[in-house]
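The numbers here are math on the coordinates, done by the rules we state, and not lab data. Values in this document were obtained by computation on a predicted structure and should not be read as measured data. All Cβ positions, even for glycine, are placed from backbone atoms using ideal geometry, and neighbour counts span all protein chains on display.
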Amino acid sequence: MVKIGIIGHGSDKFTEYGKQLAQIKIQEILKNKQDGDVFISGHSPVGGIDIWSEDIARELGYTLEIKSPKQQIWDAEYGYKQRNIDIAKSSDVIHIILVKEYPKEYKGMKFNYCYHCDSKDHIKSGACWTGKQAINFKKNVIYHYIDNYKKE
């Protein structure tokens, strides 16, 4: 039995093209299900990787372990921070799916790099912070970077 976590950006960070690539990546990650494997999700209220991967895991017959935050703030009784630490501790392997660039129409705060890992390989994400926690817990962490736009 393996506990597989999949986390990443919310839906607002994806173009339609990026969403399609992310869903293909999720299917690739989850396709080799073994008896007893468990899927772990953070059930983000903004959708995206968490919800898409929950849907795919459910379709593939995984047992789901949902780590939904009780409060939608960072540091509270089972807020995002505590939920993310729980995901990091509970997963045997965590796949982190992040986009490389913001959608052109994105209106939220933008950063030129991810300040959690000091990288320009992807835009800022709390999933990256969670990955760092998982590494501290000696978990297997695998990053996947998604293009939001087709390369010509």
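Brief remarks follow.
- 21 Å Cα-Cα reach of Lys100 towards lysines, excluding residues that sit fewer than 8 places from it in its own chain: Lys13, Lys19, Lys25, Lys110, Lys120, Lys124, Lys132, Lys150, Lys151
- Selection from Ile85, Gly108, Trp74, by position along the positive dipole direction of the range 20-152 (Cβ): Gly108
- Note on the chain: GNM, Cα springs under 10 Å; of Ile40, Ile56, Ile87, the largest mean-square fluctuation is that of Ile56.
- Exposure rule at most 16 other beta-carbon atoms within 10 Å, DSSP loop trypsin sites (Lys or Arg not before Pro): the chain longest free segment: 34-69
- Each helix, a run of at least 4 DSSP H residues, gives -39500 (n - 2.57); summed and divided by the residues of the chain, these come to -10000 deg cm²/dmol at 222 nm.
- Comparing mean-square fluctuations of Gly108, Gly126, Gly42 from a GNM of the chain with C-alpha springs under 10 Å, the top value falls on Gly108.
- Rounded FRET efficiency, nearest 0.05, which uses the C-beta distance separating Tyr149 from Met109 and R0 of 30 Å: 0.90
- Distances between placed amide hydrogens fall under 5 Å for Ile146 paired with Leu98, Val99, Lys100, all partners being 5 or more residues away or on another chain.
- A DSSP coil position with no more than 15 other Cβ atoms inside 10 Å describes none of the GluC sites (Glu not before Pro) in the range 1-60.
- For Lys31, the aspartates and glutamates whose Cα comes closer than 18 Å to its Cα, not counting residues fewer than 8 places off in the same chain, are Asp50, Glu54, Asp55, Glu59, Glu65, Asp92.
- For the range 10-98, the square roots of the Cα gyration tensor eigenvalues, ordered a ≥ b ≥ c, give a/c of at least 1.5 with a/b no greater than b/c, which places it in the oblate category.
- When Rg and the Kirkwood Rh are both derived from Cα coordinates, the Rg/Rh ratio for the chain amounts to 0.95.
- Near-label residues of the range 77-100 by backbone N, under 19 Å of a point 7 Å along Cα→Cβ of Gln71: 77-87
- Stretching Ile142 away from Glu59 to a fully extended chain increases their span by 27.6 nm, per 0.36 nm per residue minus the current alpha-carbon distance.
- Annotation: the residues Ile142, Ile7, Ile85, sorted from fewest to most other C-beta atoms within 10 Å of their own C-beta, follow the order Ile142, Ile85, Ile7.
- Each residue of the range 95-107 was assigned a 3J(HN,Hα) from its phi angle through the Karplus expression (A = 6.51, B = -1.76, C = 1.60, θ = phi - 60°), giving 9, 10, 10, 10, 8, 7, 9, 5, x, 4, 8, 5, 10 Hz with x at Gly and Pro.
- Partner aspartates and glutamates for Lys81 [C-alpha distance under 15 Å; skip if fewer than 8 residues away on the same chain]: none
- GNM result for the chain, Cα springs below 10 Å: residue of Ser119, Ser53, Ser68 fluctuating most strongly: Ser119
- Taking the fewest neighbouring Cβ atoms within 10 Å as the starting point, the ordered list for His144, His9, His95 is His144, His95, His9.
- Projected label points at Ser11 and His116, each 7 Å from Cα along the beta carbon direction, are separated by 2.1 nanometres.
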